[in-house]
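Laboratory data are not the source of any read-out in this text; all were calculated from the coordinates shown. Because the structure is predicted, anything quoted here is derived from the model rather than measured. Here the Cβ positions follow ideal geometry from the backbone for every residue, glycine too, while neighbour counts run over all protein chains shown.
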Amino acid sequence: AEFRRQSAAQRAPAYQHLRRALQHAIEQGALAPGQALPPERELGKQLALSRVTVRKAIAGLVEDGLLLQRQGSGTFVAERIVKSFSQLTSFSDDLRARGLDPKSVVLDSGSGAATPEEAMALGLSPGAQVARFYRLRTAAGQPLALERSSVPLALLPDAELLRGSLYATLAARGIRPVRALQRLRAIAFDAEQARLLGLPEGGPGLYIERRAFLADGAVVEFTRSCYRGDAYDFVAELHA
Ligand code: 16G
């Protein structure tokens, strides 16, 4: 099997070799986040590869989100987004604080009677109405997460009007979550999620479930997020 793998690798086109080598260098930190890659022409010369080969390898890594191309200034190693796992912030606030422009695409929205799972998570009685929306979250044009939120309809009666930030929309109604419980789990993106995020199927994702509470103890949201595992680091400070 090892031999077959090796000979398969030898048969792979040159751009595949280069793509894998660059990916390895990024994953090992030999190419640091934010670091600029030499221009295609120069890289080709250094490695004795054609410019087409270099361009194809780079295009693949851009597609994977490992490299970023900025118009006119070159190709850079993508920086991971480091996000607190212990602060109750919203996607929009968090990305705006980094100088990135957060956007949402509402893929689906509606309302209806809470499912047993929603009723349990939101602390509602069976049959209570909930607003639901499924959003693709992007920043600087890059898809970063898919989020499925359920909110008691009583708190968000005009859910279909939700365009931007959920938290901002709630805040405008005087509703502010003060505490949340989160659960984190590793997932592999299924075909549909991968397509929406523009990633390969089976790629790594971080599934995060958040139940956010109001000061009076009521649950305001039950959100199931799938963040890009290749783009996010979640950090938390621990105290003894
Ligand atoms: C974050 C929250 C999500 C919340 C959303 C609101 C995590 C893991 N999840 O993505 O629960 O619904 O922010 O963002 O942080 P918005 O106000 O921009 O809609």
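Roughly how tilted is helix 51-63, in degrees to the nearest 10 and between 0 and 90, from the longest Cα axis of the chain?
Approximately 20 degrees, to the nearest ten.
Estimate the FRET efficiency between Ala32 and Leu214 by the formula 1/(1 + (r/R0)^6), using the beta-carbon distance for r and 41 Å for R0, to the nearest 0.05.
Values: r = 42 Å, r/R0 = 1.03.
After rounding, the FRET efficiency stands at 0.45.
Compute, for the stretch 150-215, the length of the dipole vector about the Cα centre, with Cβ point charges of +1 (Lys, Arg) and -1 (Asp, Glu) only. Units Debye, rounded to 20.
420
Reachable lysines from Lys103, Cα under 19 Å, same-chain residues fewer than 8 places away excluded?
Partners within reach: Lys83.
What number comes out for the charge environment of Leu206, summing +1 per Lys or Arg and -1 per Asp or Glu over other residues with Cβ under 9 Å away?
Residues close to Leu206 contribute a combined charge of +2.
Going through the stretch 71-128, which chymotrypsin sites (Phe, Trp or Tyr not before Pro) have at most 15 other Cβ atoms within 10 Å and a DSSP loop state?
In loop regions of the stretch 71-128 (DSSP not H, G, I, E or B), the sparsely surrounded chymotrypsin sites (Phe, Trp or Tyr not before Pro) are Phe85.
If the reach is capped at under 20 angstrom between alpha carbons, list the lysines near Lys56, excluding any in the same chain fewer than eight residues apart.
Within reach: Lys45.
How large is the direction-averaged shadow of the alpha-carbon convex hull of the chain, in nm²?
Taking the Cα atoms of the chain, their convex hull projects to 17.3 nm² on average.
Net charge near Leu181: determine it from the other residues with C-beta under 12 Å of the C-beta of Leu181, scoring Lys and Arg +1 and Asp and Glu -1.
+2
Roughly how far apart, in whole Å, are the Cα centres of the stretch 62-96 and the stretch 167-221?
Result: 18 Å between the Cα centres.
Which is the longest run of the chain containing none of the trypsin sites (Lys or Arg not before Pro) found in DSSP loop states (not H, G, I, E, B) with at most 16 other C-beta atoms within 10 Å?
1-79
Could you work out how much longer the chain between Ala21 and Arg176 gets when fully extended? Use 0.36 nm per residue separation minus the Cα distance between them, nm to one decimal.
51.0 nm
Which value at 222 nm does the chain reach when only helices count, each DSSP H run of 4 or more adding -39,500 (n - 2.57), with the total divided by all residues and rounded to the nearest 500 deg cm²/dmol?
-8500 deg cm²/dmol, from helical runs alone.
Can you work out the FRET efficiency for the pair Gln87 and Ala240, with r the C-beta to C-beta distance and R0 = 22 Å, to the nearest 0.05?
Computed FRET efficiency for Gln87 and Ala240 comes out at 0.65.
With angles folded into 0 to 90 degrees, how steeply does helix 14-27 sit against the dominant principal axis of the chain? Use alpha carbons for both and round to 10.
Result, in degrees: 50.
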